[in-house]
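Asker: Attaching a single structure in structure tokens format; questions to follow.
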Amino acid sequence: MLCPHCATQVYMCEKNHNKKVYYDNGLKNLSHTGQKLAYQVGEYSCPACDKLVIILEMGLGCCIKGASYDGGELNNLEINRIDFQEILYPKIVTRKTYTDVPENLYTDYKESVAILKLSPKASAALSRRILQTILYEKFNIKKHNLEDEIKEFIKLNEVPSSLAETIDAIRTIGNFAAHPKKCIETQSVIDVEPDEAEWMIEIIEALFDFTFVQKAIAKKRQDNLNNKLQKLKKSADK
């Protein structure tokens, strides 16, 4: 799991092993061998930053020996297969921190990440806006619609083939290429699956890395070399 605090890929450490499992009232007659949808709230800590993460977990629950019903909570019920997880705390999820990305793009990126679970369609629309802004401002690509702009981008010699293929995949997300408004409203809200919207965020991160991060690293290295050359030149002149 990606820690919502520090954006590190980790295996969360469970803090409270005595989690209470809840269910709908219809579960009170659940047999000892039956299974039905149940949910629990788990407390975890990130091994990287040690901060608290609270996760809602849903899946199939089954009774174990000595089960009893107590107003919505079924004692001795356990979830033996978790099918869905949602981070309840913190609500604003941090994926990556960027210092070299322009503020307007970074703001849209953070908002796209923040609303991913609440509205995948809105998140994907923000990601497409980020993409179009970068293509226009950094690569001077301006066409009638985003599909044509993507086609122009992947033709650039400076773009690695792996990134070109990744960016080109946006045209298939949410059936974007077949959308009737693609030539009029590039930022229109298009139906997407949650995993597709998250994939778009990953694509934007790859584009950030190529457009801003790698260039900033290269510039820093060049500046360091220039400083060393200047020092050598001054030493030689003495």
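The values are calculated or read from the model by the stated rules, or taken from the named source; none is laboratory data. Computed from a predicted structure; not experimentally measured. Positions of Cβ are generated from backbone atoms using ideal geometry, with glycine treated the same way; all protein chains shown enter the neighbour counts.
Per-residue answers, yes or no, for (1) more than 18 Å from the chain's Cα centre (by Cα); (2) touching a residue at least 12 places away in the same chain (Cβ under 8 Å); (3) closer than 30 Å to L52 by Cβ:
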| position | (1), (2), (3) |
| --- | --- |
| Y98 | no, yes, yes |
| N104 | yes, yes, no |
| T107 | no, no, yes |
| E111 | no, yes, yes |
| L116 | no, yes, yes |
| R128 | no, yes, no |
| E147 | yes, yes, no |
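Asker: Cβ contacts < 7 Å: first residue closer than 17 Å to V53 by Cα, restricted to region 69-96; second residue assigned to a loop (DSSP other than H, G, I, E, B) and modelled with pLDDT under 70, any location; separation 6+ or different chain. Result?
Answerer: Close Cβ pairs (under 7 Å, with a partner that is assigned to a loop (DSSP other than H, G, I, E, B) and modelled with pLDDT under 70) amount to I87/V93.
Asker: Which of the helices (runs of 4 or more DSSP H) found entirely inside region 136-238 contain at least 1 residues meeting this: at pLDDT 90 or above?
Answerer: In region 136-238, the matching helices (runs of 4 or more DSSP H) lie at 146-153, 161-168, 194-208.
Asker: In addition: Please specify each residue of region 7-21 satisfying the condition of being modelled with pLDDT under 80 and either exposed (fewer than 12 other Cβ atoms within 10 Å of the Cβ) or part of a loop (DSSP other than H, G, I, E, B) (or both). Before the answer, list the steps.
Answerer: Step one: of region 7-21, the residues modelled with pLDDT under 80 are 7-9, 16-21.
Once the filter is applied, which keeps residues that are modelled with pLDDT under 80 and either exposed (fewer than 12 other Cβ atoms within 10 Å of the Cβ) or part of a loop (DSSP other than H, G, I, E, B) (or both), region 7-21 yields A7, T8, Q9, N16, H17, N18, K19, K20.
Asker: Here is a follow-up. Mind checking which residues of region 198-235 are among the aliphatic types (A, V, I, L, M) and under 13 Å from I130 (Cβ atoms)?
Answerer: Answer for region 198-235, where residues must be among the aliphatic types (A, V, I, L, M) and under 13 Å from I130 (Cβ atoms): M200, I201, I203, I204, A206, L207.
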